[in-house]
1. Just to confirm the number: angle between the C-alpha axis of helix 106-144 and the first principal axis of the chain, 0 to 90 degrees, nearest 10?
2. Long-range amide H contacts for Tyr43: which residues qualify at under 5 Å (H placed 1.01 Å from N, peptide plane, sequence gap of 5 or more or a different chain)?
3. Would you work out which of Ala173, His34, Gln65 lies farthest towards the positive end of the dipole of the chain, given +1 charges on the beta-carbon of Lys and Arg and -1 on that of Asp and Glu, about the Cα centre?
4. Once a ≥ b ≥ c are taken as the square roots of the eigenvalues of the Cα gyration tensor of segment 75-143, is the result rounded (a/c under 1.5), prolate (a/b larger than b/c) or oblate (a/b not larger than b/c)?
5. Can you list the GluC sites (Glu not before Pro) in segment 41-150 that are in a DSSP coil and have 15 or fewer other beta carbons within 10 angstrom?
6. Once you put a point 7 Å from the Cα of Gln51 and another 7 Å from the Cα of Lys179, both along the Cβ direction, what distance in nm separates them?
7. When the label point is put 7 Å from the Cα of Arg108 along its Cα-to-beta-carbon vector, which residues of segment 67-92 have a backbone N closer than 13 Å?
8. Taking θ = phi - 60°, what integer Hz values does the Karplus form 6.51 cos²θ - 1.76 cosθ + 1.60 yield along segment 94-102, in sequence order, with x for Gly and Pro?
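The values are calculated or read from the model by the stated rules, or taken from the named source; none is laboratory data. Keep in mind that this is a model prediction, so the values were computed, not measured. Here Cβ is always computed from backbone atoms with ideal geometry, including for glycine, and neighbour counts include all displayed protein chains. Only protein heavy atoms, including side chains, enter the accessible area calculation; ligands, DNA and RNA are left aside. Shrake-Rupley method; radii C 1.70, N 1.55, O 1.52, S 1.80 Å.
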Amino acid sequence: MDKRLDQYEDKMNKTLANLDEEFAGIRAGRANPHLLDKLRVDYYGTPTPIQSVANVNVPEPRIIQIQPWEASMVKEIEKAINMSDLGINPTNDGKMIRLVFPELTEERRKDLAKDIKKKGENAKVAIRNIRRDAMDQFKKLGKSEDISEDAIKDLEDGIQKLTDQYVAKIDKAVDEKSKEILTV
């Protein structure tokens, strides 16, 4: 593969990785510690990930337990969870916080599946934008440097193949996450 395609493949890879992160944040009625990844707590004036100030574990399929290393962090963690868009009320016993995930209703599952498809579509748009940028760049190359039309055509074919590969990967990820959500 041409070296000039590498930078665009990197961008496409990042788009796919970003989609995976977004999917990890969607709760499927099961406790997933990754739901807490984006949450930050105020730890002595510094926004800090919950995993950096507490043990996070999943003792049962629908419960996340958060045990802060310092008792003073219980209130901070609880505040961060309440202010987030998790939609779960934490309970605490003074030392530990528990998040109990309710079973998802059929309607909620369908809403989440639509949301997953929407995130997948946004990722595909990002991939296509990367392809468009690459195509524009290759056309400029053709005008400014003495590169043959065939070489430009090869680059354009290469970026199209990459685009097709990544769109297929996104479709696969969307299908897998949708199945996970819709499976009771």
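1. Roughly 30 degrees between the two axes.
2. Those qualifying (amide H under 5 Å, at least 5 residues apart or on another chain) are Thr48.
3. With unit charges placed on the Cβ atoms, the residue in question is Gln65.
4. Details: a/c = 6.74, a/b = 2.37, b/c = 2.85.
Note, shape of segment 75-143 comes out oblate.
5. On the way: sites: Glu70, Glu76, Glu78, Glu103, Glu106, Glu107, Glu121, Glu145, Glu149; in loops: Glu70, Glu103, Glu145.
Filter output for segment 41-150: Glu70, Glu103, Glu145.
6. Between Gln51 and Lys179, the simple spin-label model gives 2.6 nm.
7. 86-89
8. x, 10, 9, 10, 10, 10, 9, 8, x
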